[in-house]
Amino acid sequence: MLTPLERKPDLSLPPRIVAWRHEDNANAAKKQEVSVEQLRALGVELSHFPTTPDTLEERLELLSNHKGYVHRDMLILSHDTDVDGWLPRIWAEHMHPDDEIRYVLEGDAYMDVRDRDDNWVRFHLVPGILLVVPAGIYHRFKLTEGDYVKIVRLFKSKAGWISTNRSAESDQDQAHRTYLKMFPKNQSGCKDN
Ligand SMILES: [Fe+2]
């Protein structure tokens, strides 16, 4: 019988990934979809496991053991309760020196990431999706009109979580430069069709 550390989490691709090119203030009626492969070429990993309450804790423990996520907490976001100003902070374009790992429990939200042509790719996060955004990629996060999301945040390190807003300085940051090397432009697959 496998020990908890030997067991692997039961992850699969989400039933339906909805990701598209996004321009602020553009007509959103005609969405140009972006595939899972194109997201992967940007270093973004999306997988899925059910949010069934009676097995959730076990699944999260398994995932943490398997992937080395040493710490986790829970975050509930809504404009009604945003007394700490989380929402404007995570809507500002930023990056982190560590991967950003989020598991959606309830509600929904949008995550935007920059492709290698510096255009936005937006995807819709719904319950059951496990998202890994690589260190050094510029991104931002916002609620949908539903104005509510409950997510688990998972961390590879217990060190303080650092966000750096985009600037000329952050473009020279080691994490961003490493990201650009790891996911070169000609592999992003997000050029115009
Ligand atoms: Fe972030």
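Bear in mind that the values in this text are calculations on the coordinates, not laboratory data. Computed from a predicted structure; not experimentally measured. Here the Cβ is made from the backbone with ideal geometry for all residues, glycine too, and neighbour counts use every protein chain on show.
Numbers for the structure displayed
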| read-out | value |
| --- | --- |
| Within a Gaussian network of the chain (alpha carbon springs, distance under 10 Å), most fluctuating of 25, 65, 119 | 25 |
| Rg(Cα) / (2.2 N^0.38 Å) computed for the chain, rounded to two decimals | 1.03 |
| Under-5 Å amide H pairs with residue 19, H placed in peptide plane, nonlocal only | 34 |
| Segment residue 142-residue 18, length gained on full extension (0.36 nm per residue, minus Cα span) | 43.1 nm |
| Vicinal HN-Hα couplings computed from phi for segment 108-125 (Karplus, 6.51 cos²θ - 1.76 cosθ + 1.60; Hz; Gly/Pro x) | 7, 6, 10, 10, 10, 10, 7, 7, 6, 9, 6, 9, 7, 10, 10, 9, 9, 9 |
| Degrees, to the nearest 10: 53-67 long Cα axis against longest axis of the chain | 70 degrees |
| Computed label-point distance, nm, for sites residue 164 and residue 35 using a 7 Å Cα→Cβ extension | 3.3 nm |
| Backbone HN-Hα couplings from phi across segment 75-80 [Karplus 6.51/-1.76/1.60, Hz, Gly and Pro as x] | 10, 10, 10, 7, 4, 5 |
